[in-house]
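Structure first, then comments.
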């Protein structure tokens, strides 16, 4: 798989994505947890919304519909424990990246992993 002219495999893309999410959290460019993610999307501050695959169907549907309405890229990726652990928190069902550049890079890595990012 290729990102910006650089060939990466799935393992590297996944590590880089998690590093990017951790960096985003430490830099204050992330909202995590259902309430804060929903608030960021509705306020227009979110550039990417990620929901854990092991979240309930209602949670996934709610965020999918909300992101479609507010034109925020959305995907289901990873699981609650891994998402939370990689950003230095307890388990997290959802998170929103609040920086356009970090979100664009994360979308690139998600694409390299074969994850569909919808709008």
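Bear in mind these aren't lab numbers, they're just calculated from the coordinates by the rules spelled out. No experiment lies behind these values; they were computed from the predicted model shown. No Cβ is skipped: glycine too gets one built from the backbone with ideal geometry, and neighbour counts run over all protein chains shown.
Among beta bridges identified by DSSP and lying wholly in region 2-112, the antiparallel ones come to about 75 percent.
Helix content alone sets the calculated 222 nm mean residue ellipticity of the chain: runs of n ≥ 4 DSSP H residues at -39500 (n - 2.57) each, divided across all residues, give -15500 deg cm²/dmol.
Label point of residue 79 set 7 angstrom out along Cα-Cβ; within region 21-56, amide nitrogens under 17 Å from it belong to 51-56. Between helix 10-26 and the chain there is an angle of about 50 degrees, using the helix long axis and the longest principal axis of the Cα atoms. Between the helical axis of 100-112 and the longest alpha-carbon principal axis of the chain there is an angle of about 60 degrees.
For the chain, the longest principal axis of the C-alpha atoms and the axis of helix 57-70 are separated by about 80°. Separation of region 45-94 and region 95-119, taken as the distance between their Cα centroids, equals 12 angstrom.
How do the peptides 95-106, 69-80 rank, highest first, by the average count of neighbouring beta carbon atoms within 10 Å per residue?
95-106, 69-80
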